[in-house]
Amino acid sequence: MKKITTYENKKILVLGLAKSGVSAAKLLQELGALVTVNDFKQFDQNPDAQDLLSLGIRVVTGGHPIELLDEDFSMVVKNPGIPYSNTLVQKALEKGLPVLTEVELAYQIAECPIIGITGTNGKTTTTTMIGLLLNADREAGTARLSGNIGFPASQVAQESEAADDLVMELSSFQLMGIETFKPEIAVITNLYEAHIDYHGTREEYVKAKWNMQKNMTSSEYLILNWDQEELRQLSKTSAATILPFSINEKVAGAFCEEGKLYFKDDYIMEASELGVPGSHNVENALAAIAVAKLKGVSTEAIRETLKRFTGVPHRTQYVGELNGRRFFNDSKATNILATEKALSGFDNEHLILLAGGLDRGNDFDELVPFLIGLKGIVLFGETKDKLNQAAIQAGITSIVLTENVETAVKEAYDFSQKNDTILLSPACASWDQYPNFELRGEKFMQAFQQLKQKEK
């Protein structure tokens, strides 16, 4: 990593821990900063804070005392999950302190190029695809996944070398906290309404996403979903070199035409050869192909890698087959749009959907057209009654209401037949019954394995 002197003897407050906060605190200490960490969780229940204290880092736990800012801090590094409405964050901004995320630190110390990926849906799949493609026939260095995908950017940046690439998944929360951050290549998969509870309005959410390109110049590439008019219009405001991708028309980038994927004039592969189903995954693949081609990856390596790619955990992940029924885990589908995208990849006539979860006050009317023709639906969680109404509107005749994901697997199997597909794609967050979508997906896969053992 670059040995920068920016933070030597500077007092810096790291607000909030988890993986990114711990990584930021350790990095700042190594860079010579005088670090104070503040986390809401009590010290005796906070192993991260205990670990940092053992390293000589000052920790303040059990709340966010506003009087902390009476000290002469130069900067705040904020955990992305802490909203800007937090009183301590508000006070820091009023005092004119920079409030950054550890993504900014990662950029400042990284010796290698950064490829940034953001968007409402498809970020993780696209990031994973890009990582695999850039490592496919690589002669030097490694493409390293980082950011919102689960590996703190500032930690991975410390470990990277000049010959590497940082393939960085970025959330809107992270992108609000950048100052000089500039990727060599940026990807925006799509923009839909999301995280309004955090951002306040759709406009602020889009503004946060678009922040990724604010420092880019014509020397850097911005890869955009050209099927979205909003991104076409936004592209006119960017200094970056625009490279479009589209599943609907031929563009001067990556596109799909008559079921074939191209990059400019080069034929890449058949869309049907992709290892993951659905038009949304064609979009993800086109974005990844554009990055790979810019980085010099061969067409043969792209084709073979994307053929073998079968998804990432909890994103339309193929789980297995039991007596002719295929099971897919799409627990990451925490909103209606994500479930709509997942449904587009399957034949409804032979599809049983498992859905439900946290009730955020919305109805499911916009999901109804995508439910039409489903063989069956099994519903659970706080939203099962609302989803039941949507299923009735869609004319589904086989509707089962059950307790949770685990019981839903057995219910779906019981009325399924050979050649059917059972898909968990909840259209809701998990927090009514599970602490995160990952655990919900794990429970689904465990239930499948238990059913498999029983049916043997």
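Using a probe radius of 1.4 Å on heavy atoms only, what accessible surface per residue do you get for the chain? Whole Å² is fine.
41 Å²
Before rounding to the nearest 500, sum -39500 (n - 2.57) across all DSSP H runs of length at least 4 in the chain and divide by the residue total; then give [θ] at 222 nm in deg cm²/dmol.
-10000 deg cm²/dmol
Keeping all protein chains in place and using 1.4 angstrom, which order do Thr87, Thr128, Thr142 fall into by accessible surface area, from largest down?
Accessible-area ranking of Thr87, Thr128, Thr142, largest first: Thr87, Thr142, Thr128.
Run the dipole for segment 198-255 about the Cα centre, Lys and Arg Cβ at +1, Asp and Glu Cβ at -1, nothing else charged, and hand back the magnitude in debye, nearest 20.
Around 120 debye, computed over segment 198-255.
As a quick test, which of the pairs Lys95/Lys123; Lys260/Lys443; Lys341/Lys375; Lys91/Lys209 have an alpha carbon distance above 28 angstrom in this structure?
Lys95/Lys123; Lys260/Lys443
Mind putting a number on the dipole of segment 160-246 about its Cα centre? Charges go on the C-beta only, +1 for Lys and Arg and -1 for Asp and Glu, and I need it in Debye to the nearest 20.
With Lys and Arg at +1 and Asp and Glu at -1, about 340 debye.
By average Cβ neighbour count within 10 Å, what is the ranking of 95-104, 413-422 from highest down?
95-104, 413-422
Once phi is turned into ³J(HN,Hα) by the Karplus curve 6.51 cos²θ - 1.76 cosθ + 1.60 with θ = phi - 60°, what whole-Hz value does each residue of segment 83-88 show in order, with x for glycine and proline?
x, 6, 6, 4, 4, 5
From the phi angles alone, apply the Karplus equation (6.51, -1.76, 1.60; θ = phi - 60°) to segment 312-325 and give each ³J(HN,Hα) in whole Hz, x where the residue is Gly or Pro.
10, x, 6, 10, 6, 7, 6, 9, x, 10, 9, 6, x, 9
Assigning unit charges at the beta carbon (Lys, Arg +1; Asp, Glu -1) and nothing else, what dipole magnitude in debye, to the nearest 20, does the chain show about its Cα centre?
Roughly 380 debye for the chain.
Give the residue from Gly56, Ser272, Ala24 lying farthest towards the positive end of the charge dipole for the chain; charges sit on Cβ (+1 for Lys and Arg, -1 for Asp and Glu) and the dipole is referred to the Cα centre.
The one lying farthest along the dipole's positive direction is Gly56.
Gap in Å between the Cα centre of segment 398-418 and the Cα centre of segment 312-375?
If we compute the Cα centre of each part, the gap is 13 Å.
Could you run the Karplus curve 6.51 cos²θ - 1.76 cosθ + 1.60 with θ = phi - 60° over segment 267-280 and give me ³J(HN,Hα) per residue in whole Hz, x for Gly and Pro?
Working through the residues one at a time gives 6, 9, 5, 6, 4, 5, 7, 4, x, 10, x, x, 5, 5 Hz.
Calculate the length of the line joining the C-alpha centroid of segment 224-248 to that of segment 1-60, in whole Å.
Answer, in whole Å: 39.
In the chain, what percent of the accessible surface is made up of carbon and sulfur (1.4 Å probe, ligands and nucleic acids excluded)?
Taking all protein chains in place, the chain shows 47 percent carbon and sulfur surface.
For segment 317-449, what are the per-bin percents of Cα-Cα distances with bins 5 Å wide, up to the bin holding the maximum?
Cα pair-distance distribution for segment 317-449, in percent: 2, 12, 25, 28, 22, 10, 2, 0.
The values are calculated or read from the model by the stated rules, or taken from the named source; none is laboratory data. No experiment lies behind these values; they were computed from the predicted model shown. Every residue, glycine as well, gets a Cβ built from its backbone with ideal geometry; the counts of neighbours run over all protein chains shown. Remember, those area values only see protein heavy atoms, side chains included, never the ligands or the DNA or RNA. Shrake-Rupley method; radii C 1.70, N 1.55, O 1.52, S 1.80 Å.
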